[in-house]
Amino acid sequence: MNFDDTPQEAAFRAEARKWIDANAPKELEAELSKSSLGRIRLQKHDIVDVAKRWQKKKSDAGWACLHWPKDYGGRGASPVERVIWQQEEGVYGKLTQPFQIGEGMCGPTVMAYGSEADKRRYLPKLASGEEIWCQLFSEPAGGSDVAGLRTRAEKKGDEWVINGQKIWTSGAHYSDYGILITRTDPNVPKHKGLTMFYINMKSPGVEVKPIKQANGMQEFNEVFFTDLRVQDSQRLGAVGDGWNVSLTTLMNERMSIGARLATGFSEIFDFCSSLMTEDGLAIDDSATRSKLASWAVRNSGLKYTSYRAISALSKGERPGPENSIGKLVAGTMLQDIATYAMDLEGAAGVLNDPNVAEAAGQFQQMLLSSPSTRIAGGTDEILRNIIAERVLGLPGDIRVDKDVPFNKIPTKGR
Amino acid sequence: MNFEDTPQEAAFRAEARAWITANAPKQYEDELRKSSLGRTRLEGANVLEVAKAWQKKKADAGWACLHWPKDYGGRGSSPIERVIWQQEEGAFGKLSAMFIIGHGMCGPTMMAFASEEQKRHYLPPLASGENVWCQLFSEPSAGSDVAGLRTRAEKRGDDWIVNGQKIWTSGAHYSDYGILLTRTDPTAPKHKGLTMFFLDMKSPGVEVRPIKQASGQSDFNEVYFSDVKIPDAQRLGNVNDGWNVALTTLMNERMSIGAGVATGFPELFEFCNNLMLEDGLAIDDRNVRSKLANWAVRASGLKYTSLRAISALSKGERPGPENSIGKLVAGAMIQEVAMFALDLEGAAGVLNGPEAELAGKFQAMLLRAPGTRVEGGTDEIMRNIIAERVLGLPGDVRVDKDLPFNQIPTKGRA
Amino acid sequence: MNFDFSDEQKQLRDEARKFLTEKCSPKAVRAVLDGKASYDRELWQGLAEMGFLGVAIPENYGGAGAGHLELCVIAEEMGRALAPVPFSSTVYLAAEALLIAGSDVQKQKWLPKIAKGEAIGTLALFEGKGNPSPQAVKLAASGNALTGVKMPVADGAIADFAIVVARTGSGGRDSDISLYLAELKGEGVETKALSNIDPTRGQAEITFKNAKAEPLGRVGDGWSILTQVLDRAAVLMAFEQVGGSDRALEMGRDYALDRIAFGRPIGSFQAVKHMLADMYVSATLARSNSYYGAWALSTNSSELPEAAAAARISATQAFQHCAKNNIQVHGGMGFTWEFDCHMFYRRANATALGLGSLSYWEDQLIDRMRKKNAA
């Protein structure tokens, strides 16, 4: 066991560091380092523009999608090299946010199911950030139960005609392409009648409407399809095999390890280290210290769990669903930390104007955003099921809808 | 809303107090006051004998089972009078522990289902503590799932022949009678083939074996039945209607309100109030205070919840399953409280001999606490009860509901 | 003993619920949330007409002369409805301070106006971050003029007058603090609305520059009066929080019954069911502690300080717990602006801080229990 770079790794790190020093948008470093959960705002720039520029620059120099094959716009790097890159990229890594779904989910799915021509056409531009991709899975009636989706695709000649609605689509408003899962046969059990496609988001019949979130921001969208026409060649995987295709996508999401997961710990630690209360520095108070210590070990536990996964990956082992603990631990922690920080501020904790509030209102923003961390990409409850079933091997819930034709499944609870 | 006694209540209180002052076994008061969860010991005396003597004395003077009808050994008191009695009885009330199951569960079941003659014969000595009763429901293969029990009763002429095994029977070793739930029809679905009886624990074929608990003590027993003969006259309720009879028993258990559940809070508060740490009294430490405050409001919340239930009862309203919160809250709390007390003691917290702080009170609590979260309904069952009976949520999907009992699987995996 | 509200009080609750269901729908709350108004004036007038604003104000001061138990009943309903009006500032803080320490002239001047909905009052205590303490009060009273800055002040931008906590001595003792009553529309007072996590209840910064004010109670008694006011408000606010907890729990329960996933109502999955059961436990403990607080408040019992702190802690925890897990039960929809869940989440976290934070009250509770124990 060692945490030191091998000579090869050290050389890679030096090269990465040097390139980043020479090329990163340093003028944004301060703003980026202050941004935390629920808030990446740049005073004078559009975040997507800035992100696209940085991504293109990285791509031109061979630093984009490091673990992808070179033919598809990557570098063919090892998992450890990818982690080293992330460590060196530091706060600029926050600029990759608009591309994460494309790189982590859509790209791998196209890689697994697209034709060679499609891969060469779409993947390099995805890697370079010139084209942004989104993932169209969730629906109003199919949230945790993804396979409960109702968006219909019907074959008409060589084309499919799609009608329906998706929801919670991150970045749909600035995306160029998307992968879309549809129901092609409602007469068979729900997992068996699904088919996956990729679509051009600018096609006629695609309408994107932003969702205003509980925290007042708009990061997600509803996407409506009205007689959207898609070529059969845009199908990913066999007709009726969409569920298996989507599992590839979702598994890739969970494998995007080393991905920076905000826990709020460094923010609360800094805050308590400098906050003067009536009785002295907050961090000198035994109640505060006890809480900080509990959060500190959860934070470091997550960090080292991810290191262990990277080690496994670099030895060619497939990291398992153990990574599901990340979001589960981090979600609750963010919420608890935000609540406690506000408690320490006293009555003034209600204020959230960045110019008036303590720590520029970052904990208030964290409080209002944190509920979504416990829901998006798998609720806490779904993640616990995953751990119980796939890690511990416990039986699944009883599925009363398993062998029922989709159109016979009840849609109302009472 | 008021906490003052009405003139009648005040008179009752004065009478109770005068009688207790004149009659209680004062020599044990101090020891009783110090005893807590997992430990009622009296130096140089047998707790059982002291308890029986006190109960008999109360019964002779009309202070036993206050809310029962006079004909059956009670006093016909109101719920409030019962609470007043409990307040006045104070530490001596701890001596009723061995009668709680008889008074709270067996007695009410007899009252609802036995013949008039049986009630007059069995209930008065139950009330006076001359006869101790136990409840024989749980089995090795039927814990939370009580109706999964397998002890068989078969009709032979006017008698029933019982074979099988019960477990977790409190006080079986000193009990004179018990109520016993058996399976009389294994081909019917599981809730429909049960029948309830009462029996003499000294009957031939009944064998009681103590269970050594994780805490090292033995409060519970296994009870084996080998061809035990029970007359049909001792059947409670109809043949195969035992599940409904059992529900009466269990509902009475949950209605035994005012029966102050132990939370460990008063013990911990007193401990922290006296414990000197490096930096001064434990109770002056902010972290200790924060934890104490959280437990304080849970303990007071339980206390006032039970007072609300008593108020409802005294107005003729039936207190609902809301009382299930008592054990759920107290069980988890007593475990946390014990762990925190040990933590405050530092490395010496491991000791539980005479040299331990408070003679090992919190160590005993720690080791006994897991039992509280399991016995009489696990935390999980309690949450189900709250969710289903209070909040009206649907029950779990029961795969065994309509299956004949003898076709229900008995092993989780091959 | 009777540990419940009377039939008349329950009838009052039904009346208040009916009134608020009609006049304070989520849509009405949203009008304030979306910034279309600083508070719901029509509702405020309606509350006055129903007699709810003056329910605990004696008849000779224009109130209904009922009592604090009745006020607790109303407070619970206000919490359920997330009423976007300056009720807690005016009724729990300003009116209670007047009732405890006001001169007859002061009471005659302000209490009838409060009861009629013609005056909004508040308490100006905090000066930036931190919890109530005499040392933290910097705003100074000199003669009958105040100079200093208070923030946050709940409903400060819409209030007509404030009870201002001011320094009249130079030390950190309780006796260095006095209360003043200041009209906020007068000279030397500037108010500025501040953005806060719950836009349905405004917060403000108030700057006093040699502003005219009159003492409320004796000079030097300020801290002791304030402590009594905060204890009373803690009980009343606890009822609002209990009302909010219950409503959030009901919303979660209803959604769990209606929403289907995997072919079943999600409320049939233990993960969801147990989450709701735990919310119920918190809400029940909070309600019971609050009842005790209500009794102590209504009888002016010596147990009020302890009962108030217990009610405050328990109800704060319950509302935060129920509001956050109500969102969780609703899943993604719970995180939309469109669903009402976030309004409860915002209110829960805002009410957790308004009278001093949870950790402050934890500290208070243990202090008070110790004092009682020692006595």
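Numbers at a glance
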{"quantity": "Placed amide H near A:A214: partners under 5 Å, 5+ positions off or other chain", "calculated": "C:T336, C:W337"}
{"quantity": "Partners for A:K155 among lysines (Cα-Cα distance below 19 Å; same-chain residues under 8 apart left out)", "calculated": "A:K190, A:K192"}
{"quantity": "Cα-based shape type of the protein assembly as shown, given that a ≥ b ≥ c are square roots of the gyration tensor eigenvalues and the cut on a/c is 1.5", "calculated": "oblate"}
{"quantity": "From the C-alpha gyration tensor of chain B, square roots of 5λ in Å", "calculated": "36, 27, 22"}
{"quantity": "Anisotropy class of segment A:134-240 from Cα gyration tensor, a/c 1.5 cut", "calculated": "oblate"}
{"quantity": "17 Å tail of the calculated P(r), segment B:134-244, as % of Cα pairs", "calculated": "50 percent"}
{"quantity": "For segment C:64-136: rounded, prolate or oblate by the Cα gyration tensor [a/c cutoff 1.5]", "calculated": "oblate"}
{"quantity": "Cut-off 14 Å (backbone N to label point 7 Å along Cα→Cβ of A:E207), residues of segment A:135-171", "calculated": "A:163-166"}
{"quantity": "C-alpha center-to-center spacing [segment A:95-168, segment B:120-145] in angstrom", "calculated": "64 Å"}
{"quantity": "Rel. contact order, % - alpha carbon contacts under 8 angstrom, at least six apart, chain C", "calculated": "15 percent"}
{"quantity": "Paramagnetic reach from C:S142 (point 7 Å along Cα→Cβ, amide N under 15 Å) across segment C:212-228", "calculated": "C:212-213"}
{"quantity": "Calculated log₁₀ intensity ratio I(q)/I(0) where the Debye formula runs over C-alpha points of chain A, q = 0.08, 0.10, 0.11, 0.14 Å⁻¹", "calculated": "-0.48, -0.76, -0.92, -1.44"}
{"quantity": "Alpha carbon centroid spacing (whole Å) that separates segment C:1-60 from segment C:105-178", "calculated": "26 Å"}
{"quantity": "Averaged over C:348-357, number of beta-carbon atoms from partner chains that fall within 10 Å", "calculated": "5"}
{"quantity": "Pairwise FRET efficiency - A:K402 versus A:D118, Cβ, R0 = 25 Å, nearest 0.05", "calculated": "0.15"}
{"quantity": "Tilt relative to chain A, helix A:7-23 - C-alpha long axis, 0 to 90 degrees, to 10", "calculated": "90 degrees"}
{"quantity": "Degrees between helix A:116-127 axis and first principal axis of chain A (Cα, 0 to 90, nearest 10)", "calculated": "20 degrees"}
{"quantity": "Segment C:327-375: Cα Rg divided by the 2.2 N^0.38 Å rule of thumb", "calculated": "1.80"}
{"quantity": "Projected label distance in nm at A:K412 and A:D21, using a 7 Å step from Cα toward the beta-carbon", "calculated": "6.8 nm"}
{"quantity": "Sequence-distant residues sharing a close amide H with C:G65 (under 5 Å, placed H)", "calculated": "C:I57, C:E59"}
{"quantity": "Under the span-like rule (Cα at least 15 Å along the axis, Kyte-Doolittle mean at least -0.5), DSSP H helices of chain C", "calculated": "C:68-81, C:222-258, C:270-298, C:304-330"}
{"quantity": "FRET efficiency, B:E43 to B:E278 (Cβ-Cβ, R0 35 Å, nearest 0.05)", "calculated": "0.55"}
{"quantity": "C-alpha long axis of helix A:47-60 to longest principal axis of chain A, angle in °", "calculated": "80 degrees"}
{"quantity": "For segment A:261-378, average projected area of the Cα convex hull in nm²", "calculated": "8.1 nm²"}
{"quantity": "Reduced Cα scattering model of segment C:1-144, Debye log10 I(q)/I(0), q = 0.15, 0.18 Å⁻¹", "calculated": "-0.84, -1.09"}
{"quantity": "Convex hull projection area averaged over all views, chain C, Cα basis, nm²", "calculated": "18.9 nm²"}
{"quantity": "Taking chain B and dividing mean pair separation by its residue count, relative contact order in percent (alpha carbons under 8 Å, at least six apart)", "calculated": "13 percent"}
{"quantity": "Whole-Hz ³J(HN,Hα) from phi, Karplus 6.51 cos²θ - 1.76 cosθ + 1.60, for segment B:55-71, glycine and proline x", "calculated": "5, 5, 4, 4, 4, 4, 9, x, 10, 9, 6, 3, 7, 7, x, 4, 4"}
{"quantity": "Tail weight of P(r) past 19 Å, computed on alpha-carbon pairs of segment B:7-131, percent", "calculated": "48 percent"}
{"quantity": "Space enclosed by the convex hull of the alpha-carbon atoms of segment C:110-223, per residue, Å³", "calculated": "95 Å³"}
{"quantity": "Ranked C:F269, A:F269, criterion: other C-beta atoms within 10 Å, fewest first", "calculated": "A:F269, C:F269"}
{"quantity": "Long-range lysine pairs (8 or more apart or interchain), segment B:134-244, Cα under 19 Å", "calculated": "8"}
{"quantity": "Separation between Cα centres of segment A:384-414 and segment C:226-296, rounded to whole Å", "calculated": "29 Å"}
{"quantity": "For segment A:7-131, projected area of the alpha-carbon convex hull averaged over all directions, nm²", "calculated": "7.8 nm²"}
{"quantity": "Calculated FRET value between B:E355 and B:T21, using beta carbons and R₀ = 22 Å, to 0.05", "calculated": "0.05"}
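Read-outs throughout are calculated quantities, based only on the coordinates presented, and are distinct from any laboratory measurement. All values reported here derive from a predicted model rather than from experimental measurement. As a convention, Cβ positions derive from the backbone with ideal geometry for all residues, glycine included, and neighbour counts pool all protein chains shown.
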